[in-house]
Amino acid sequence: MSSTLTAPTDKPMLVANDIHRHFEGMHAVDGVSLDVIPGKITGLIGPNGAGKSTFMAVLAGTLPATSGTIVFDGEDITRMPAYMRARRRLVRTFQLPSEFAQLTVLENLLVAAPTNRGDSLFGALMGKRYWIEDERRLVGEARSLLKRFGMSAKESDYAGSMSGGQKRLIEIMRALMLHPSLLLLDEPMSGVHPKIVEEIQYYLQDLRAEGLTILMVEHELHMVERLCDTVVVMAQGKVIGSGTMTSLRRQREIVDAYLVG
Amino acid sequence: MNTYYAANLLIYAGIDIIACLALNLQFGVTGIVNFSFIVFQAVGAYAAAVLSMPPDTANGGFQHYIGGYSLPFPAPWVGGAVAGGLLAIPVGFVVLRKLRSDYQAIALLVLSVIANTVITNADKFLGGAAGISLVPPPLSDVINPNTEPYEYLYVGITAVCVVLALVVVNRVVNSPYGRSLRAMRERELAAAAIGKNPVQLKMTIFIVGGVIAGLSGAILVGFIQVWAPSVWLYPETIILFAAIIVGGRGNNVGAILGALLVPVGFEEVTRLLNNNASIANLGPPGLIPALQWVAIGLLILGFLWFRPQGVRPEPRRIFEGGPE
Ligand SMILES: Nc1ncnc2c1ncn2[C@@H]1O[C@H](COP(=O)(O)OP(=O)(O)OP(=O)(O)O)[C@@H](O)[C@H]1O
Ligand SMILES: [Mg+2]
C-alpha cells in the first residue's frame, strides 16, 4: 500500500553502494556510491583516469568489484556474471571498439538478440525451419536500426572493416538489440561524425522518452548539458559532486578539478 | 588400384573428414585451441574396442584390458562417441573455465602428452604400450570381414557417419547459435556483455566435438582392429590443425578439403614414395617419414604467412532482401 504513495519512478533502478575496484594497490574506483533514477539520462564525467570506465565495467560485471554492493531492480547483482546482467537488460558498451570483426555489420546486431530459437545447441540441431521465423523478425528489427543510423548500405560488410565512428554505432545498435532497461554507454560519441552525433543524440532522447534509462560517460560537456538530467563528477576514483550541469558549474572545487583546465 | 586399396583410402578419408569437421567446430568456429584433440579420438577407439571385445581372458589371455563386453554393432560406436563426450566434461571443466585461452592450448597439449604416457605405462588398463589387438570388426558375426562386400559395407557405414557429422556441424555453424560461437571467438568479453555465457558455449562445443572425435576413433579401431598409444601421439593433432589451417578455418567444406589434402594426401604421398624402391633407399632409414613432418611444418607456416584464411575461407553471411 505504501508503494502507491511514492511514485515508482523516483525509486532508483540501480543503487551502487561504496564500490571499490583496486588494481594491485591502485585504487581506480575508491568508494563510489551512485543511484540511477529510471527514465533519466545520468551523465558521468571526470578527467582522464578518474575511474569512470572501471566503474562502468564493475556495474556491468565485466570487471568484478573489489568491494561494495550493486542492487539492480531490487536484486543484489554484485556477484552476478556479466552475461546474466545483460540478460536482465543491464547492457554496457565499451570505450574502445569492440565489434565482432569477422561478423558482418548485420550479424553484429543479430547476434545480440536475446530471443532467437536458433540460439541454442538444441535449436541449431533442429534445423533452419525451427528458427527461421525468429531470424526473419530479428533481421527486420536490425535493419530498421541500421536504417535509422544510416548504415543500411553496410549491412553485409565485415564489422572489422568499418571506421572508428561506424564501429561505435554498431556497438550502440548491438546494445539496443537487447532491449535494455538500463544502458551504460562509455563515450558513445567519441570518433563519430558530427552529423551522426546529432542522430545518436536524438535517438537517445527518443529512447528516454520511451522509458529507457541511461548512464553515460561523456567528455563533450555541451552534449552532457543537452542530454543529461543529472551529472555525477568523478576524480581520482571518488565522486566529487553531482547535480544538474548548471548547479555543478557553480561549485568552485568541481570547476577547478575538471570543468576548466 | 585394387578394391582393398580403394576402400582403405576411402575409409581413412572418411575418418579424417569426421575428425577435421569436429576440430573445425572447436578451433575454426569457436576458437578453442584443442591441442589434445587426438586424445578424444583415442578414448573413442579404446571404448569401442573394449565394448566390442570379449573379456581379456579370451584368446589365451595374452593381453590385458578392462571391460570386454562383446557388444554387437552399433553399440561400441555409440559407446565410443559417448566416451569422447564424457571425457570432454572433466577436461573442459578444468581447462576452459578459468584459464586464459593461450594457457588453455598449452594445458591441453600437456594433457595429451600425459594421457599418452599414463596409458603407455598402465599396462593392465588398456594394454599399455603394446595396446589392444584383435578388435572384432563391426558386424563380423554377420558377414565375413575378409571379403570384398565387407569392404564396401565399411565404406558405406563410414560414409553414413560422415554425412551425420556434416549435418550436425553444418546446422550448428549456420545457425544463430553458430553466430554466437563466432562472436565469442572474435571477442569474448563483448560477447559476455551481450548475454552470451562464454564458459557454457565453450563447454558445449568441447563436448560436441568430443563426441564426434570419439566416433571417428571408433570407426578407425573397427577398421584397423588394433589400438595403441603410438597411433595417438600429440603430433597427430598437429596434422589435423594443419588440415584446418590449409582448408580454411571456420569453413566446413574447407575442413573436408583440408582432411583430403593434409592427412590423407600426406599419408598417400609417403606411402607412394616408400613403395618406390629407388626413392625409398635414398638417405638413412626413416628419412621420408621425417621429411613428412618438415613438410607439414612448412605447410602450416606457408599458409599462415601467405593465405591465413585457407583454401576456402569462412563464408561471409549475406542476408536476403538487403540493399544492393
Ligand atoms: N586493467 C587495469 N589494470 C591496471 N590499471 C588499470 C586497469 N584499468 C584501468 N586502470 C587504471 O585505473 C585508472 C582509472 O581508469 P579508467 O579507465 O577507469 O579511467 P577513465 O575515467 O575511464 O578515464 P578516460 O577518461 O581516460 O577513459 C587509470 O589510472 C587506469 O590506468
Ligand atoms: Mg574511460
Evaluate E = 1/(1 + (r/R0)^6) for B:Val113 and A:Glu220, where r is the Cβ-Cβ distance and R0 equals 51 Å; express this FRET efficiency to the nearest 0.05. 0.35
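Sort B:Ser133, A:Ser161 by heavy-atom solvent-accessible area, probe 1.4 angstrom, most to least.
On the way: B:Ser133 35, A:Ser161 80 Å².
Descending accessible area places them as A:Ser161, B:Ser133.
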Check each residue of the stretch A:112-135 and keep those whose accessible area, probe 1.4 Å, is at least 50 Å² smaller with all protein chains in place than in the chain alone; give them in order of residue number. A:Asp119, A:Leu121, A:Ala124, A:Leu125
Residues other than A:Ser67 with Cβ under 15 Å of its Cβ, Lys/Arg counted +1 and Asp/Glu -1, net out at 0
What does the average come to when, for each residue of peptide A:83-95, you count the partner chain Cβ atoms lying within 10 Å of its Cβ? 3
The stretch A:137-154: which residues show an accessible-area loss of 10 Å² or more, assembly versus chain alone, 1.4 Å probe? A:Val139, A:Arg143, A:Ser152, A:Ala153
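What percent does the relative contact order of the stretch B:234-315 come to when contacts are Cα pairs within less than 8 Å and at least six residues apart?
RCO, the stretch B:234-315: 45 percent.
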At a probe of 1.4 Å, how much accessible area disappears from chains A and B on forming the pair, both sides counted, to the nearest 100 Å²? 3200
Which entries of A:Lys167/B:Lys202; B:Lys98/B:Lys202; A:Lys11/A:Lys40; A:Lys154/B:Lys196 show an alpha-carbon separation above 18 angstrom in the structure shown? A:Lys167/B:Lys202; A:Lys154/B:Lys196
Accessible area per residue, 1.4 Å probe, Å², for the protein assembly as shown: what's the number? 44
Label-point separation, B:Leu261 to A:Gln201 (7 Å along Cα→Cβ), nm: 5.3
Given an 8 Å cut-off on Cα distances and at least 6 residues of separation, report the relative contact order of chain A as a percent. 26
With the Cα gyration tensor of the stretch B:3-232 giving a ≥ b ≥ c as the square roots of its eigenvalues, does the rule (a/c under 1.5 for rounded; else a/b larger than b/c for prolate; else oblate) give rounded, prolate or oblate? oblate
Give me the percent of accessible area attributable to carbon and sulfur for the protein assembly as shown, probe 1.4 angstrom. 62
Over chain B, calculate the relative contact order: mean separation of alpha carbon pairs under 8 Å at least 6 apart, over the residue count, as a percent. 30
Shape of the protein assembly as shown from its Cα gyration tensor (a ≥ b ≥ c, root eigenvalues): rounded if a/c is under 1.5, otherwise prolate when a/b > b/c, or oblate? prolate
Order by protection proxy (mean Cβ within 10 Å, highest first), peptides A:122-129, B:198-205: B:198-205, A:122-129
Tilt relative to chain B, helix B:287-306 - C-alpha long axis, 0 to 90 degrees, to 10: 10
Could you work out which residue, out of B:Ala13, B:Ala42, B:Ala58, moves most in a Gaussian network model of chain B, that is, has the largest mean-square fluctuation with Cα springs under 10 Å? B:Ala58
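What average count of beta carbons from other chains do you get within 10 Å of the Cβ of residues in B:149-157?
So the per-residue partner count for this stretch is 0.
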How would the stretch A:80-134 be classified by its alpha-carbon gyration tensor: rounded, prolate or oblate, with rounded meaning a/c under 1.5 and the a/b versus b/c comparison settling the rest? oblate
Ellipticity estimate at 222 nm from DSSP helix runs (n ≥ 4, -39,500 (n - 2.57)) divided over chain B, nearest 500: -21000 deg cm²/dmol
Expressed as a whole number of Å, what is the distance separating the alpha-carbon centroids of the stretch B:136-180 and the stretch B:19-94? 16
Counting only residues 5 or more apart in sequence or on a different chain, those whose built amide H sits under 5 Å from that of A:Val239 are A:Ser33
Across A:172-183, the residue-averaged tally of Cβ atoms belonging to other chains within 10 Å stands at 1
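The values are calculated or read from the model by the stated rules, or taken from the named source; none is laboratory data. Every value quoted in this text rests on a predicted model; they were computed, and no experiment measured them. FYI the Cβ positions are ideal-geometry reconstructions off the backbone, even for glycines, and counts take in every protein chain you see. Protein only, heavy atoms only, side chains kept; ligands, DNA and RNA dropped before computing areas. Shrake-Rupley method; radii C 1.70, N 1.55, O 1.52, S 1.80 Å.
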